[in-house]
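Following: one structure in structure tokens, then a few remarks.
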Amino acid sequence: DAGVTQSPTHLIKTRGQQVTLRCSPKSGHDTVSWYQQALGQGPQFIFQYYEEEERQRGNFPDRFSGHQFPNYSSELNVNALLLGDSALYLCASSPGQGAGETQYFGPGTRLLVL
Amino acid sequence: GNSVTQMEGPVTLSEEAFLTINCTYTATGYPSLFWYVQYPGEGLQLLLKATKADDKGSNKGFEATYRKETTSFHLEKGSVQVSDSAVYFCALSHIGNEKLTFGTGTRLTIIP
């Protein structure tokens, strides 16, 4: 059973560019969450998708947007990249909205903005 | 709002030493509490969790007890191994709201 997968593993962009990161959830999971982990920090919640809709959003600007597809996979888009967007972006999936369902994390995409 | 505070790191121990990593939280209601571990170059893995007061989560020799009265969820292991070297994150979420709030992480290094 494949776990959560993310692509690409590494990415280098320049300021002002746009980036798209991809995530495939664990089999049987329909909820996908995205987190940003800056170097030396804990992950910060960006947003969560369920049934192809954004259900919750953290304290991130509108430059951060996402999408969930009918097969539950998800994309994270970041526009007008800033140097401060350099981080490890983690995708997590879980089996639906509910009582303390465990989130399973992918290996992450490391984004470097120059 | 919700917050998680972890003990400052890094922590360096000798193999077979006793480990404690402190974690306290601030939250409304009764959150679920988690410890995640991040090995070098990898994503986060769930180590253990507890969903109500006085519950004890355990896995791979690690334990943590949900203490409502002290709002704490300290991680312990009786005898650490070199393979336990990693970054450990304490986190919380609420039932029906799966957003995880993480602490800043504690880097643990075990010396043979």
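The values are calculated or read from the model by the stated rules, or taken from the named source; none is laboratory data. Keep in mind that this is a model prediction, so the values were computed, not measured. Here Cβ is always computed from backbone atoms with ideal geometry, including for glycine, and neighbour counts include all displayed protein chains.
Condition test on residue B:15, is it free of Cβ contacts under 8 Å to residues at least 40 places away in the same chain, away from every other protein chain (no Cβ under 11 Å), more than 26 Å from residue A:89 (Cα to Cα) and acidic (Asp, Glu)? For residue B:15, the condition - free of Cβ contacts under 8 Å to residues at least 40 places away in the same chain, away from every other protein chain (no Cβ under 11 Å), more than 26 Å from residue A:89 (Cα to Cα) and acidic (Asp, Glu) - is not met.
Tell me yes or no: at least one residue of region A:61-84 is facing another protein chain (nearest Cβ under 10 Å) and in contact (Cβ under 8 Å) with a residue 12 or more places away in the chain. No - not one qualifying residue is present in region A:61-84.
Residue by residue, here is whether (1) touching an Asp or Glu at 6+ places or on another chain (Cβ under 6 Å); (2) surrounded by fewer than 17 Cβ atoms within 10 Å (Cβ to Cβ) holds:
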site: A:20; (1), (2): yes, yes
site: A:58; (1), (2): no, yes
site: A:64; (1), (2): no, no
site: A:79; (1), (2): no, yes
site: A:105; (1), (2): no, no
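If you scan region B:4-23, which residues turn out to be farther than 12 Å from residue B:75 by Cβ, under 14 Å from the mean Cα position of the chain (by Cα) and not in a loop (DSSP other than H, G, I, E, B)? Matches in region B:4-23: B:4, B:5. In region B:42-70, what residues are part of a loop (DSSP other than H, G, I, E, B), more than 14 Å from chain A (Cβ to nearest Cβ) and in contact with a Lys or Arg (Cβ under 9 Å, 6 or more places away or on another chain)? Selection gives B:54, B:60, B:61, B:68.
For region B:80-103, the count of residues that are at pLDDT 95 or above, within 11 Å of chain A (Cβ to nearest Cβ), touching a Phe, Trp or Tyr at 6+ places or on another chain (Cβ under 9 Å) and in a loop (DSSP other than H, G, I, E, B) is at least one. The residue pairs whose first member lies in region B:51-65 and is within 17 Å of residue B:27 (Cβ to Cβ), whose second member is surrounded by fewer than 17 Cβ atoms within 10 Å (Cβ to Cβ) and among the small types (Gly, Ala, Ser), and whose beta carbons are closer than 9 Å, counting only pairs six or more residues apart or on different chains, are B:51/A:99; B:64/B:58.
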